1. Given the residues 100, 105, which is the only one that is touching a Pro at 6+ places or on another chain (Cβ under 7 Å), surrounded by 12 or more Cβ atoms within 10 Å (Cβ to Cβ), of a type outside the set (Gly, Ala, Ser) and under 29 Å from residue 26 (Cα atoms)?
2. So which of 173, 155 is closer than 23 Å to residue 107 by Cβ and in the same structural domain as residue 34 (by TED's automatic domain parsing)?
3. Filter region 58-88 down to the residues that are among the hydrophobic types (A, V, I, L, M, F, W, C) and either under 28 Å from residue 178 (Cα atoms) or touching a residue at least 12 places away in the same chain (Cβ under 8 Å) (or both) and list them by number.
4. Any residue in region 89-101 that is outside any loop (DSSP other than H, G, I, E, B) sitting within a Cβ distance under 7 Å of a residue that is surrounded by 10 or more Cβ atoms within 10 Å (Cβ to Cβ)? List the pairs, counting only those 6 or more apart or interchain.
5. Please determine, by comparing only the residues of region 48-92 that are charged (D, E, K, R) and under 30 Å from residue 38 (Cα atoms), which one is surrounded by the fewest Cβ atoms within 10 Å (Cβ to Cβ).
6. Just checking, which of 8, 50, 13, 38 is assigned by TED's automatic domain parsing to the domain that holds residue 192, farther than 30 Å from residue 121 by Cβ, among the hydroxyl-bearing types (Ser, Thr, Tyr) and in contact (Cβ under 8 Å) with a residue 12 or more places away in the chain?
7. Pairs needed: first member in region 131-150, closer than 14 Å to residue 162 by Cα; second member anywhere, of a type in the set (Lys, Arg); C-beta distance under 7 Å; at least 6 residues apart or different chains.
Amino acid sequence: MDIAIHNSKKKVSVSDDAFAASLNETLVHQLVVSYMASGRAGSKAQKTRSQVRGGGAKPWRQKGTGRARAGTIRSPIWRSGGVTFAATPRDYSKKLNKKMYRVGMRSLVSELVRQDRLVLIDKLGVTEPKTKQMQARLTELGIDDALLLTDGLDSAVYLAARNIPNIQVMDISIVDPVSLLQQEKVVIDEAALKKLEERLA
């Protein structure tokens with residue numbers, strides 16, 4: 001299939017497998033859930049009575065003191081003792097096969113093409129880290145909410161776009177399903193498109 005370059009008669013030929021795949025909603029949902037779950041820290045931790053330091057000796061004798069029986073100062077009912085049902089570090093990540101991930105990404109990218117949300121440009125044309133220059137280019141493209149995908153992270157593009165609301169810049173090598181879905185449009189240049197095609201092949 002061919003994808004037309006924005007405001008140009010030129011077209012770029014791309015693979016049907018990568019950019020004209022059918023939509024698999026279930027797999028795309030799995031993709032998003034897996035990505036977001038992998039981002040969770042899961043580092044919450046508390047100590048049980050066996051993990052709290054000290055408490056080896058019995059605090060007082062069993063009988064004769066008038067106080068309740070106690071075997072250790074690390075009992076959960078004591079202040080600074082262990083926690084009864086202590087939270088432990090947890091891995092929230094969900095397994096997703098590489099083949100499933102690739103098919104899901106193809107499905108997602110193909111749907112962006114069908115909905116005219118993927119905007120192909122020749123070059124972004126921002127040479128200096130100036131917000132004004134980036135804003136002018138986005139106005140020219142008629143875009144105010146977009147993910148800009150580049151082949152390698154250009155510091156000038158990143159710095160020019162970071163103060164503009166609803167504009168995100170990302171290197172094509174680290175693009176993820178959530179970023180592709182978050183913004184209204186996905187703006188990509190020719191070099192990045194070829195890299196994306198290789199990644200989805």
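The values are calculated or read from the model by the stated rules, or taken from the named source; none is laboratory data. The model shown is predicted, which means the values in this text are computed figures rather than measured ones. We place every Cβ from the backbone using ideal geometry, glycine too, and count neighbours over all the protein chains shown.
1. 105
2. 173
3. 70, 73, 83, 86, 87
4. 100/27; 101/31
5. Among those residues, the one meeting the criterion is 91.
6. The unique qualifying residue is 38.
7. What qualifies is 145/185; 146/185.
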